Every structure is written in C-alpha cells, then in structure tokens.
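Written below as structure tokens is the structure these notes are about.
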Amino acid sequence: MKELESLVSRGSELRNYDVKSTIKEVSKNYSDIKINIIGNCFVLADESLSSVFDNIIRNAIIHGHTNKIYIKIRHNKNCCEIKFIDYGMGIPEIIKDRLFEEGFSFGENKGTGLGLYIVKKTLERYGGDIQVQDNSPSGAIFILKLRGGGANNG
C-alpha cells in the first residue's frame, strides 16, 4: 500500500495537456463502443491524465454496461470541466458517497477498489476534483474539474 500512496502522491512536473487529443488517444482502446467528444481545452497535468480518462471510460463499460459515452469539454474561467456522460445502468444511490474511497468495490464485476480512488487522488494532485451525478433516465455523469493551462483554451 505504501507503493500505491507514493504513486498517487508523486508525479512529474505538470504541463499543458490537450484534453480532446488525450481522450481520443485513450478511446482507441475502446473501438467497440461509441464515444462522442464535444469541445476542448488545455489543462495542467502529467502523463497520468491518460490513466484517469481510461479508468472512467473502462468503468462505464464494465460496471455501467454502456455502449456509448458522450464527453463534453468546456473551459470556464481558469477551469476546464470535463463531463463523461454514459447511458448504462447508473450508480446506486447507496454507494455514491463511497465511490472514491480507497479499497471500495461493488457489484458483480468487483475490481480492486483502487481505480476511482487513484483517479480522485491524481486529480487532487493537479488541483482538480471529481464528482458523480445521475444521468436521467439512465446512466451516470462523472464531472472532472481541472485547472486550465495555457492560452489556447476555448
């Protein structure tokens, strides 16, 4: 567990990352589902950003059983908001408060319970955050907020 803590707490120097390009690269691993990406912005991050996006997409497929994900990216002041909207089974209300806890797993496809914990800690290291909401009538929305980087936001 100490190795995990050091992985989450350390990182390379933050630099500008193109969100849309990074998500497109990750999306190549998921050619069997439809992923639509609208908008773009640049954020301050490191190479772990790809793993963050990969984890959210993989969870939507494995746990949410979705076949399409809509990703909306928008720049707002000094922040970049990225919404991963899926149309799967959604997340039971009783577990939403625990989703980002270390070691928490739930359901038939239980994992290690570390994926979303690492996602949250990585985003916090970037000065960002993550939340989850319901997508009506079905599915989930993961909302990532990250510090904007560079002058090319828009």
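The values are calculated or read from the model by the stated rules, or taken from the named source; none is laboratory data. Everything numeric here is computed off the predicted structure, so don't read it as measured data. Heads up, the Cβs are rebuilt from the backbone with ideal geometry, glycines too, and the neighbour counts pull from every protein chain shown.
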Practice problem: Give the residues of segment 27-53 that are under 17 Å from residue 120 (Cβ atoms) and among the small types (Gly, Ala, Ser), sorted by residue number. | Solution: 45, 48, 50, 51
Exercise. For segment 136-147, name all the residues that are crowded, with 21+ Cβ neighbours inside 10 Å and either at pLDDT below 95 or closer than 18 Å to residue 15 by Cα (or both).
Key: 144, 146
Quiz prompt | Single unsatisfied condition, residue 32 versus (1) part of a loop (DSSP other than H, G, I, E, B); (2) surrounded by 16 or more Cβ atoms within 10 Å (Cβ to Cβ) | solution = (2)
Practice problem: Exactly one condition in (1) under 18 Å from residue 149 (Cβ atoms); (2) modelled with pLDDT under 90; (3) not aromatic (Phe, Trp, Tyr) is not met by residue 7; state its number. | Solution: (1)
Practice problem: Could you identify the single residue in 78, 109 that is surrounded by fewer than 17 Cβ atoms within 10 Å (Cβ to Cβ) and either modelled with pLDDT of 95 or more or within 22 Å of residue 29 (Cα to Cα) (or both)? | Solution: 109
Practice problem: State the number of residues belonging to segment 15-55 that are touching a helix residue (DSSP H, G or I) at 6+ places or on another chain (Cβ under 7 Å) and of a type in the set (A, V, I, L, M). | Solution: 8
Practice problem: Look through segment 113-127, keep the residues that are part of a loop (DSSP other than H, G, I, E, B) and farther than 15 Å from residue 54 by Cβ, and return whichever of them is modelled with the lowest pLDDT. | Solution: 113
Self-check item: Restricting segment 42-70 to residues that are farther than 24 Å from residue 106 by Cβ and not hydroxyl-bearing (Ser, Thr, Tyr), the residue that is surrounded by the most Cβ atoms within 10 Å (Cβ to Cβ)
Solution: 43
